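The values are calculated or read from the model by the stated rules, or taken from the named source; none is laboratory data. This structure is a prediction, so every number in the text was calculated from the model and none was measured. Here the Cβ positions follow ideal geometry from the backbone for every residue, glycine too, while neighbour counts run over all protein chains shown. Please note that ligands, DNA and RNA were not included when accessible areas were found on the heavy atoms of the full protein model with its side chains. Shrake-Rupley method; radii C 1.70, N 1.55, O 1.52, S 1.80 Å.
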Amino acid sequence: MKIENWIFKRRPVTALVLCCVFGIIASAAHSDVTIDNGDSGTSFTGIWEISGGAGPYGADSVWARDGATYTWAFDSEPAGTYEVLMWWSTWPSRATAINAAITHAGGSDPLVINQQNGGGQWNSLGEYYFEGAGSLTVTAAFGSTVSTCADAVWFRLVSANAPPTAHITSISPNPAIAGQVVTFEGYGEDTDGTVVAHNWASSIDGHLSNAESFATGALSEGTHEITFEVQDDQGQWSQAAVSALTIGATPVEIIIDNRDSNTSKTGIWEVSGAPNAWGVDSVWSRNGARFTWQFNPPRSGNYEVSMWWTTWPSRSTAAPVGIIDVNGTEILYVNQQINGGQWNSLGVYSFSAGVQGSVVLAAQGASPTSYCADAVKFTLIEGDKMPVATIDSITPNPAQTGQSIAFAGHGTDSDGSIVAYRWMSSIDGQLSTAAAFASSALSEGTHQITFAVQDNADQWSQPASQTLVVGGAQPTQVIVDNRDAATSWTGTWELSGGPDPYGADSVFSRDGATFTWYFTPAQSGSYEVSMWWTQWPSRSTAAPVDIVHAGGTNRVLINQQVSGGTWNLLGVYSFSAGVQASVTILAPNGAPTSYCADAVKF
């Protein structure tokens, strides 16, 4: 037997003896990991029997069928890129399409393995980045005439170099007319080296540029998926940052399939055997996994959102689906026992160009319930554009307790008329349904006032927002927490397990999401702006934060690996009374990096 196969085998006595006899350097045992069936790091469900198949790795291999699972897992190893290889023994009944999943730093990737070929040898399943831990799970094929083999898995360290990250700063204008010059700006960062190369590409026109930033007027008409990658000084390329760009006529229908790049997932999603999938296949999961379709609308407007799934006897009859548009998040429940293999309308929602929306399927139930993720369609509904709300004045501001305060606002609608108004206070709730009104009954405190309008197609605008101070001394400090009304976000932000949040909790995200805290000062002046976040091992060390103030916009980069659970000064900025300012954290990078949104103090 080859000595290198024995050195990294997870059998402690053997490894210890060989290290002593052959003088193996201790660190070498922590570079590659080979796990044989039955070794520490393996687990299984169902019944796996000893196989008589030829060419096992080590003493033997095992086999099973009908949905039994076998997992090889490792931890406490160096972070880096590993090639994952698998060994199985040969037997005439081995299945040709075995579902497997590799869990790595970026999530879980499904794949299909053919065990009719490659028996008695190492078979590469691809290269993946692991942050010191990961696993491979196979699910035994169904049927009495096929078998699935579990033998050995080799996690071979290719490079301990941390990959760089790529960020798209802007693509402008977007959308653009054919022949118009479009400017692309981006940057890369590398925690253990330097960025030495860049690559911009289009899903329609192919390679675009090797510069960090560039401009071109030679793009083809259509909806481009723009990708931007950077390479570090050790030759490793980053995951691609992705953004949509529309040239020419705006598409009226956009379909995102489960295999497309603008999807993300948590947990293990396996290829489904159910019929009538959209595209190549559909996937399924359970036990709290989530699947997200990310939508970058080519233009603002109303879109009908439809979902395609495949039916199976175990499908949920109340699968929770969240639709995140400009008005927030709406949760609805779909019955995946029926209407499979067709488009099912989830309703009409409002999206804004340049603001990412999303659809999230939560596979929250346990076995035997299953949840299907396949495709989502966004169909632009012509003839109605979102109205716009404007706060004209709130006077006086600040005001004394019991003093009459006058509110005035108006709405505009480019293709219809305004038919309704809604004023809200973060303290007192709904104030009025008139365009203008006066009230002396507001509670003492700092109110976040929002004003929205509705058009004759029943569509509400995004709310306009302004701060109002009633009673007492004017506050010298305003804190906006992640749960407060004076916030907005794009993408999916999930509750964080990071310790010491400000208030009830903090949230985290990645993959191009943004989180914004709004501030409308009651008096002009210079303000310290501070931010509170929670620490987590995956936090970004250079999270971009934009502060919009009276003098323009300043960007700072913050290290969220340190100083969690406390206020961190971002600088001193000038703000004007009655003029809304904001702080926005950008989460440009994909897994494994995470970005925390918690609280901002002015």
Legend entry - Full-stretch length increase - S443, A408 - with 0.36 nm per residue and alpha-carbon distance subtracted: 10.7 nm
Inset, instruction - Have a look at the DSSP beta bridges in segment 295-398 and tell me what percent are antiparallel, nearest 5. - result: 95
Inset, instruction - Grab the DSSP H runs of the chain that are 4 residues or longer, score each as -39,500 (n - 2.57), total them, divide by all residues and round the 222 nm result to the nearest 500 deg cm²/dmol. - result: -500 deg cm²/dmol
Legend entry - Carbon and sulfur %, accessible surface of the chain computed with the full protein complex present, 1.4 Å: 52
Legend entry - Selection of GluC sites (Glu not before Pro), segment 143-221, meeting DSSP coil and at most 14 other Cβ within 10 Å: E221
Inset, instruction - Please report the Cα spread of segment 465-568 along all three principal axes, rounded to whole Å, starting with the longest. - result: 43, 30, 25
Legend entry - Net charge, Q535 excluded, C-beta distance under 13 Å - Lys, Arg +1, Asp, Glu -1: -1
Inset, instruction - Quote to one decimal, in nm, the extra length available between T329 and T145 on full extension: 0.36 nm per residue of separation minus the C-alpha distance between them. - result: 61.5 nm
Legend entry - the chain: translational diffusion in µm²/s, Stokes-Einstein, Kirkwood Rh over Cα pairs, 25 °C, 0.890 mPa s: 91
Inset, instruction - Can you pull the one-decimal nm distance between simple spin-label points at N123 and S417, each 7 Å off the Cα toward Cβ? - result: 6.9
Legend entry - DSSP bridge pairs, the chain: antiparallel proportion in percent, nearest 5: 95
Legend entry - Taking the convex hull of Cα positions in segment 525-596, its mean projected area over all directions (nm²): 4.8
Legend entry - Accessible area per residue in Å² at 1.4 Å probe, computed on segment 172-268: 47
Inset, instruction - Counting only DSSP beta bridges with both residues in segment 482-602, tell me the antiparallel percent, nearest 5. - result: 95
Legend entry - Theoretical FRET efficiency, 1/(1+(r/R0)^6), r = Cβ-Cβ of T216 and E494, R0 35 Å, to 0.05: 0.40
Legend entry - Nearest-ten-degree value, helix 12-22 long axis tilted from longest Cα axis of the chain: 70
Inset, instruction - Using only Cα atoms, figure out Rg for segment 43-90 and give it as a multiple of 2.2 N^0.38 Å. - result: 1.39
Inset, instruction - Would you mind getting the accessible area per residue of segment 490-602, heavy atoms of the protein chains only, 1.4 Å probe, in Å²? - result: 36
Inset, instruction - Starting from the Cα-Cα distance between N339 and A353, subtract it from 0.36 nm times their residue separation and give me the gain in nm to one decimal. - result: 1.9 nm
Legend entry - Gyration tensor (Cα) of segment 387-457, equivalent ellipsoid semi-axes in angstrom: 25, 11, 9
Inset, instruction - Could you pull the Cα extents of segment 213-355 along its three principal axes, largest to smallest, in whole Å? - result: 52, 41, 28
Inset, instruction - Under 14 Å from the Cβ of G179, count the other residues' Cβ atoms, weight Lys and Arg +1, Asp and Glu -1, and hand me the total. - result: -2
